[in-house]
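Below is one structure, written out as structure tokens, with a few remarks after it.
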Amino acid sequence: MAQRLEKERNADRSRAAILDAAERLFAERGYDATSLTEVGAAAGVSRGTPGYFFGSKTELYRAVLERAFSEVREAVRAGRARALASSQAPEAILAGAVSDYFDFLAARPNFIRLIEREALSNAPPPAGVDHLSAGQEALAAISAELGLDDSPSGEASQLLLSIISLCWFPLIHARTVAPAVRAAITQGRMSASWSRRVTTTSSPGAHRRASARARSMVSWVIDRPTTTPPGAQPSRSAIADRAAWTTASARRSDAVTPPRLEIPLDRVAATASATRAGTCDPPGPSK
């Protein structure tokens, strides 16, 4: 009995060592440049042991990614339980979520490299890797903790995307862009001021203010004549072009609440063409 238990413990240790070594090598070299033999050597096991446990390099890679996303899900669940039990204000919960997520990423540089390689490969994730559930759980957690709308492209999804982007980018570019703009990351930690900035920028209130600015900008451009010689009237073509361009720019920069015009956004291009041809009046802002 004792011998069997020891053998099982050794098997668990070997499997974990193989996953650790494979995660590091896949992150550093990529999938194609890593072999099972190299993984076995890095894990301190025989060359055939990785194949014995995982069958193939593809299955090993799948297991590495699945373990990584499993850690994300566990962290999300722990954070959600902690936040809901704290009875803190939404601002404090959001600040804690930002700090926790940044620390999670900083402690797992291999995870960041793996996901970046996956993104650059432009290929679908390996079959069996449940990467969507990690994001869905995070979305549900943010919605429950802060009382936000969790519908597609709603406040919760916009907030979560902002947090991920603002925490992810400095770590990816800790040695490139960040030092160039004097925002270098010190030992993989987020400063208190940076945490506050991310929290403020990501807050639902900030998204709503940005949306209001976008609507105001579109209304101002459409309602105000374009630059023309004194006494001259702006052409229909100039107004239509400016309206279509400004509306498209606003929608790209703020997807939370589309600008409120008298025509649907998906018909802006068609209306601009008709206006340019002189068959309809330029659209005006909603009253």
TODO: State all residues of segment 68-79 that are surrounded by fewer than 18 Cβ atoms within 10 Å (Cβ to Cβ) and out of contact with any Ser or Thr (no Cβ under 9 Å at 6 or more places or on another chain); if no residue qualifies, say none.
DONE: SER70, GLU71, GLU74, ARG77, ALA78
Task: Checklist (1) more than 16 Å from the chain's Cα centre (by Cα); (2) assigned to a helix (DSSP H, G or I); (3) basic (Lys, Arg) applied to ARG175, failing item - done: (2)
Open item on the list: Can you tell me which of (1) hydrophobic (A, V, I, L, M, F, W, C); (2) surrounded by fewer than 13 Cβ atoms within 10 Å (Cβ to Cβ); (3) at pLDDT 90 or above is the one LEU65 doesn't meet?
Closed with: (2)
TODO: Identify, from the list ALA41, ALA92, ALA85, the residue that is without any contact (Cβ under 8 Å) to a residue 24 or more places away in the chain, assigned to a helix (DSSP H, G or I) and within 22 Å of the chain's Cα centre (by Cα).
DONE: ALA92
Open item on the list: Of everything in segment 12-57, what is surrounded by fewer than 15 Cβ atoms within 10 Å (Cβ to Cβ), under 16 Å from ILE115 (Cα atoms) and of a type outside the set (Gly, Ala, Ser)? Give them in sequence order.
Closed with: GLU28, ARG29, ASP32
Open item on the list: If I filter segment 81-95 for residues that are surrounded by 17 or more Cβ atoms within 10 Å (Cβ to Cβ) and more than 14 Å from ALA138 (Cα to Cα), do I get at least one hit?
Closed with: yes
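Here is a yes/no grid of residues against (1) over 15 Å from LEU160 (Cβ atoms); (2) in the same structural domain as PHE26 (by TED's automatic domain parsing):
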{"residue": "GLY44", "(1), (2)": "yes, yes"}
{"residue": "PRO50", "(1), (2)": "yes, yes"}
{"residue": "PHE69", "(1), (2)": "yes, no"}
{"residue": "ARG77", "(1), (2)": "yes, no"}
{"residue": "ARG80", "(1), (2)": "no, no"}
{"residue": "ALA83", "(1), (2)": "no, no"}
{"residue": "SER87", "(1), (2)": "yes, no"}
{"residue": "GLU118", "(1), (2)": "yes, no"}
{"residue": "PRO124", "(1), (2)": "yes, no"}
Task: Yes/no for ALA107 being under 22 Å from ALA78 (Cα atoms) and crowded, with 17+ Cβ neighbours inside 10 Å - done: no
Task: Matching residues, segment 155-165, being hydrophobic (A, V, I, L, M, F, W, C) and surrounded by fewer than 19 Cβ atoms within 10 Å (Cβ to Cβ) - done: LEU161, ILE164
TODO: Determine the pairs where a residue that is more than 25 Å from ALA81 (Cα to Cα) and acidic (Asp, Glu), located within segment 100-124, has a partner that is modelled with pLDDT of 85 or more and crowded, with 18+ Cβ neighbours inside 10 Å with Cβ atoms under 8 Å apart, the partner being 6 or more residues away or on another chain.
DONE: GLU118/LEU65
TODO: From the list ARG67, ARG73, pick out the single residue that is more than 20 Å from SER157 (Cβ to Cβ), in contact (Cβ under 8 Å) with a residue 40 or more places away in the chain and basic (Lys, Arg).
DONE: ARG67
TODO: Determine whether segment 142-151 contains at least one residue that is in contact with a Ser or Thr (Cβ under 6 Å, 6 or more places away or on another chain), in a helix (DSSP H, G or I) and under 18 Å from GLU91 (Cα atoms).
DONE: no
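The values are calculated or read from the model by the stated rules, or taken from the named source; none is laboratory data. Please read these numbers as outputs of a predicted model, since none were measured by experiment. Note that each Cβ is placed from the backbone with ideal geometry, even for glycine, and that neighbours are counted across all protein chains shown.
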